[in-house]
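> Below: one structure in structure tokens.
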Amino acid sequence: SFPSGTTIPANSSLLVAAFEPNDTASRNAFMTAYSLAGNNVSLLGPYVGSLSGKGERISLETPVITGDDGTVTGWSIVDEVIYFQADPWPREADGTGQALHRLSAHLSVNNPDNWMAGPPTPGDCGLAVAQWREY
């Protein structure tokens, strides 16, 4: 759950970290490790739990509000992916420290060919890694 009023501007990213972003030492270590120092990075956290190495569904949803009283009556999916650790998904990201990278916002997020494994690049919307794969 994100704080009320959280927005993600076009062509931007929002990082959800496992640590408290207001913890200066943790934030600085993260920013340094991923060469983000000096960048204006939107960072929220901490998240609870972990991603399954066997695959799962991850979704970004927005509340559906009906009536004048602001009652949330449901959720609308903005984006989601259902990934797996088996072919045809990139196996190189399974336990190697590599991350899955979405190659194009214009192709289906659930198409395994729209993903590749590579070094983690938090905050990069996938445009830089797209050059790694030939089409």
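The values are calculated or read from the model by the stated rules, or taken from the named source; none is laboratory data. All figures in this text were calculated on a predicted structure; none of them were measured in a lab. As a convention, Cβ positions derive from the backbone with ideal geometry for all residues, glycine included, and neighbour counts pool all protein chains shown. Heads up: the accessible areas ignore ligands, DNA and RNA and are worked out on the full protein's heavy atoms, side chains in. Shrake-Rupley method; radii C 1.70, N 1.55, O 1.52, S 1.80 Å.
> Suppose we filter Leu36, Leu43, Leu51, Leu15 for residues that are closer than 15 Å to Pro122 by Cα and in a loop (DSSP other than H, G, I, E, B); which single one remains? Before the answer, list the steps.
On the way: Leu43 fails: in a loop (DSSP other than H, G, I, E, B); Leu51 fails: closer than 15 Å to Pro122 by Cα; Leu15 fails: in a loop (DSSP other than H, G, I, E, B).
Only one candidate qualifies: Leu36.
> If I ask for residues that are closer than 26 Å to Phe30 by Cα and open to solvent by 70 Å² or more (accessible area, probe 1.4 Å), which ones from the stretch 82-104 would you list?
Selection gives Arg91, Glu92, Gly95, Thr96, Gln98.
> Let me confirm something: among Ala105, Ala99, which residue is under 25 Å from Ser1 (Cα atoms) and touching a helix residue (DSSP H, G or I) at 6+ places or on another chain (Cβ under 9 Å)? Please lay out each step first, then the result.
Details: Ala105 fails: touching a helix residue (DSSP H, G or I) at 6+ places or on another chain (Cβ under 9 Å).
Within the list Ala105, Ala99, the selection yields Ala99.
> Confirm whether Glu56 is in a helix (DSSP H, G or I), farther than 16 Å from Leu15 by Cα and at pLDDT 85 or above.
Working: in a helix (DSSP H, G or I): no; farther than 16 Å from Leu15 by Cα: yes; at pLDDT 85 or above: yes.
Spelling it out, it is not the case that Glu56 is in a helix (DSSP H, G or I), farther than 16 Å from Leu15 by Cα and at pLDDT 85 or above.
> For the stretch 56-81, give me the residue count where each residue is under 15 Å from Asn110 (Cβ atoms) and open to solvent by 70 Å² or more (accessible area, probe 1.4 Å).
Matching residues across the stretch 56-81 total 3.
> Quick check on Ala25: is it farther than 27 Å from Asn114 by Cβ, out of contact with any Leu (no Cβ under 6 Å at 6 or more places or on another chain) and in a helix (DSSP H, G or I)? Working first, answer last.
Numbers: farther than 27 Å from Asn114 by Cβ: yes; out of contact with any Leu (no Cβ under 6 Å at 6 or more places or on another chain): yes; in a helix (DSSP H, G or I): yes.
Spelling it out, Ala25 is indeed farther than 27 Å from Asn114 by Cβ, out of contact with any Leu (no Cβ under 6 Å at 6 or more places or on another chain) and in a helix (DSSP H, G or I).
> Right, next: Taking Thr62, is it farther than 23 Å from Thr121 by Cβ and among the polar types (S, T, N, Q)? Even if it seems obvious, please write down each step before you answer.
On the way: farther than 23 Å from Thr121 by Cβ: yes; among the polar types (S, T, N, Q): yes.
Criteria met by Thr62.
> Any idea which of (1) at pLDDT 85 or above; (2) of a type in the set (D, E, K, R); (3) farther than 17 Å from Pro120 by Cβ is the one Glu92 doesn't satisfy?
Failed condition: (3).
> Something else about it: Within the stretch 118-135, work out how many residues are over 17 Å from Asp79 (Cα atoms), open to solvent by less than 20 Å² (accessible area, probe 1.4 Å) and either modelled with pLDDT under 85 or aliphatic (A, V, I, L, M) (or both).
Residues in the stretch 118-135 being over 17 Å from Asp79 (Cα atoms), open to solvent by less than 20 Å² (accessible area, probe 1.4 Å) and either modelled with pLDDT under 85 or aliphatic (A, V, I, L, M) (or both): 1 in total.
> Another question, if that's okay. From the set of residues in the stretch 33-55 that are at positive phi and loosely packed, with under 12 Cβ neighbours inside 10 Å, which is farthest from the chain's Cα centre (by Cα)? Walk me through how you get there before you give the answer.
Within the stretch 33-55, the subset at positive phi is 35, 38, 45, 49, 55.
Among the residues that remain, those that are also loosely packed, with under 12 Cβ neighbours inside 10 Å are: 35, 38, 49.
On the way: Ser35: 18, Gly38: 21, Gly49: 15 Å.
The residue in question is Gly38.
> Pairs needed: first member in the stretch 15-42, under 22 Å from Pro3 (Cα atoms) and modelled with pLDDT of 85 or more; second member anywhere, of a type in the set (Lys, Arg) and outside any loop (DSSP other than H, G, I, E, B); C-beta distance under 6 Å; at least 6 residues apart or different chains.
Pro21/Arg27
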